Amino acid sequence: QMQAMIGDYVSDEAETTLKVALTPKGLEIHQRPDKVYPLTPSYADGFECELGSIRFVRDSAGHVTGMSLSDSRLWDLRLKKMEAK
């Protein structure tokens, strides 16, 4: 299931792109230029990291279409998963 979460996520609102990668340590978020945030599972499709709470969003067919980021000052910032090229 973690394979479905791998990819690039974009937010026009926050003007940022986050890359989710699967490493031997587990899922990580990579942010340019050199930030890496390991994800700690908290529930199905939900993770915690230094950025805050991450929830992967799925469509009705179960495909990951985006992510939601929340922390103490931010609620439900949506990032759209980009199609693989």
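The values are calculated or read from the model by the stated rules, or taken from the named source; none is laboratory data. This structure is a prediction, so every number in the text was calculated from the model and none was measured. When we count neighbours, we look across all protein chains shown, and the Cβ atoms used for this are built from the backbone with ideal geometry, even at glycine. When the accessible area is computed, the model is the full protein with side chains, heavy atoms only, and any ligands, DNA or RNA have been set aside. Shrake-Rupley method; radii C 1.70, N 1.55, O 1.52, S 1.80 Å.
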Residue pairs meeting the criteria (Cβ under 7 Å; at least 6 apart or on separate chains; first free of Cβ contacts under 8 Å to residues at least 40 places away in the same chain, in region 30-49; second assigned to a loop (DSSP other than H, G, I, E, B) and open to solvent by less than 30 Å² (accessible area, probe 1.4 Å)): F47/L39; C49/L39
Strands (runs of 3 or more DSSP E) fully within the chain counting 1 or more residues that are open to solvent by less than 30 Å² (accessible area, probe 1.4 Å): 7-11, 16-23, 26-31, 35-38, 46-49, 52-58, 64-71, 74-81
